[in-house]
Amino acid sequence: MDFDGLRAWMFGTFLPYWLDRAPDPRHGGVIERVGPDGGPIDVPQRRTMVQARALYVFSHAALLCTGGPAAALAERIFSALIRHHWDEAGGWWHSVTVDRRPLDRRKDAYAQAFALFAMAWYHRATGDDRARLWADRTLAFLDARMTAPTDGDDWGGYVEELSADGRPATAPPRRQNPHMHLLEAHLAWYEATGDALWLERGRAVVDLFRRRFFDGDTGSLGELFAGNWVPAPGADGRLREPGHHFEWAWLLGQYHRLTGSVAALQEADALYRFGQAHGVSRAEGALSVVMDQVDSDGAVVNGGRRLWPQAEALKAALARWEIAADTAAAEEARARLAAMFATHVQPDGPLWREQLDEGGNDVTQFLPLSSLYHLHLAFAEALRVMQKPKTQL
């Protein structure tokens, strides 16, 4: 698959299929998962994160296309999200039932981040000012209820989750991941509105990354932390996910593009190099595929190959190509795209393989619609960087 082929596949196969299959015809929003043949699989919940990711996908699709189906679906998802997933006491529930009653009343930072991100793209696509209102509500809830103790004199980020009764959960380790997606949301809102407030919030996340998440000695990214943002004890504190190295490299590249931060570009380079050196399977004669987990020394912890790290590696290579005119990254992006369609994504259909083991065998027997976010964003970035014009659905 080359970039011209990607364009035809995305607008002729991928988006038309999911515009038809993703919607939940009974209760609004989208379904949770499908089988390997694309048939819907019944599950008892609708997670806020999945609905928010779908809102992003079809909002972004509405910007890429001159036709209206994507915008109409985005409006239906938005309406279902604000009607059924928001707790009037504040915050987005983790999940609701299939008939849209509260199910899991926890409030996790990850879901709040994706709701915020999705609203930015919905506002950008439609101009609907309700999205800004809901973004303000989400921020107010995060600041009032989920702000963690300060880190010395500095912002300490957000707690991982609140229990159903509103208390901060203490059992899960703290993770960089929700904060990474909050940075993504802040940058998306800045690009949607030009309001410097969002860039300031993004800067606070980048500062937290520098102080706590980034391991300058190894050029790597920590995943799991204790309550005071020191690495979690034992193997958890040494765990590294190459996919997140590439995801942060892309995000820091976007932060550099918007702010001119040289430090962000240097940190993105370090993360990219760690991911390339230690996170990519390069067995002789095999395709270059991103592995799931290594440790801080680069030793393989889990050599499986999930879909999403492949998409993040493509985005990171595209960012280097766009920002630094790195010709090696241009070749890497082409190789990443070809490898994704050789190992994970159907080149002649709209489906994918979600998770493979080290031997290339399927691990999961379903496709979560949450992965549409990774696929669409990576492929839309490829088309943006290649400066492809709009098309008609």
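The values are calculated or read from the model by the stated rules, or taken from the named source; none is laboratory data. These numbers come from a predicted model, not from an experiment. Ideal geometry is used to build each Cβ from the backbone, glycine not excepted, and the neighbour counts take in all protein chains shown.
Conditions (1) buried (at least 18 other Cβ atoms within 10 Å of the Cβ); (2) in contact with a Ser or Thr (Cβ under 6 Å, 6 or more places away or on another chain); (3) within 20 Å of Ala264 (Cβ to Cβ), marked per residue:
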site: Leu208; (1), (2), (3): yes, no, yes
site: Gly216; (1), (2), (3): no, no, yes
site: Leu224; (1), (2), (3): yes, no, no
site: Pro233; (1), (2), (3): no, no, no
site: His244; (1), (2), (3): yes, no, yes
Subset of region 1-27 [hydroxyl-bearing (Ser, Thr, Tyr) and at pLDDT below 95]:
none
With respect to Val262, determine if the residue is farther than 25 Å from Gln355 by Cβ and at pLDDT below 95.
no
When you go through Val43, Val50 one by one, which is the residue that is of a type outside the set (Gly, Ala, Ser), at pLDDT below 95 and touching an Asp or Glu at 6+ places or on another chain (Cβ under 8 Å)?
Val43
Considering residues of region 347-393 that are modelled with pLDDT of 90 or more and of a type in the set (Ser, Thr, Tyr) only, the residue surrounded by the fewest Cβ atoms within 10 Å (Cβ to Cβ)
Thr364
Test for Ala249: is it in contact with a Gly (Cβ under 6 Å, 6 or more places away or on another chain), buried (at least 23 other Cβ atoms within 10 Å of the Cβ), closer than 24 Å to Arg306 by Cα and not polar (S, T, N, Q)
no
For Ala316, state whether it is assigned to a helix (DSSP H, G or I), free of Cβ contacts under 8 Å to residues at least 24 places away in the same chain and within 18 Å of Leu252 (Cβ to Cβ).
no
Kindly indicate the residue of region 106-115 that is buried (at least 24 other Cβ atoms within 10 Å of the Cβ) and in contact with a Ser or Thr (Cβ under 7 Å, 6 or more places away or on another chain) and also nearest to Arg46 (Cα to Cα) among those meeting that condition.
Ala111
Which residue, of Arg273, Arg334, is at pLDDT 95 or above, outside any strand (DSSP E or B) and surrounded by fewer than 23 Cβ atoms within 10 Å (Cβ to Cβ)?
Arg273
I'd like the full set of residues that are in contact with a Pro (Cβ under 8 Å, 6 or more places away or on another chain) and either crowded, with 18+ Cβ neighbours inside 10 Å or β-branched (Val, Ile, Thr) (or both), limited to region 78-96.
Trp93, Val96
Of the candidates Arg273, Arg282, the one satisfying the condition of being of a type outside the set (Phe, Trp, Tyr) and either more than 23 Å from Met1 (Cα to Cα) or out of contact with any Ser or Thr (no Cβ under 7 Å at 6 or more places or on another chain) (or both) is Arg273
Within region 41-69, count every residue that is surrounded by fewer than 16 Cβ atoms within 10 Å (Cβ to Cβ) and not aliphatic (A, V, I, L, M).
5
Can you spot a residue in region 39-46 that is of a type in the set (A, V, I, L, M) and either under 16 Å from Ser59 (Cα atoms) or outside any loop (DSSP other than H, G, I, E, B) (or both)?
no
Among the candidates Asp99, Asp37, single out the residue that is over 23 Å from the mean Cα position of the chain (by Cα), over 24 Å from Trp352 (Cβ atoms) and surrounded by fewer than 23 Cβ atoms within 10 Å (Cβ to Cβ).
Asp99
What number of residues within region 185-197 satisfy the criterion of being touching a helix residue (DSSP H, G or I) at 6+ places or on another chain (Cβ under 8 Å), in a helix (DSSP H, G or I) and surrounded by fewer than 23 Cβ atoms within 10 Å (Cβ to Cβ)?
5
Could you list, in sequence order, all residues of region 327-383 that are among the β-branched types (Val, Ile, Thr), over 15 Å from Gly243 (Cβ atoms) and out of contact with any Asp or Glu (no Cβ under 8 Å at 6 or more places or on another chain)?
Thr327, Val345
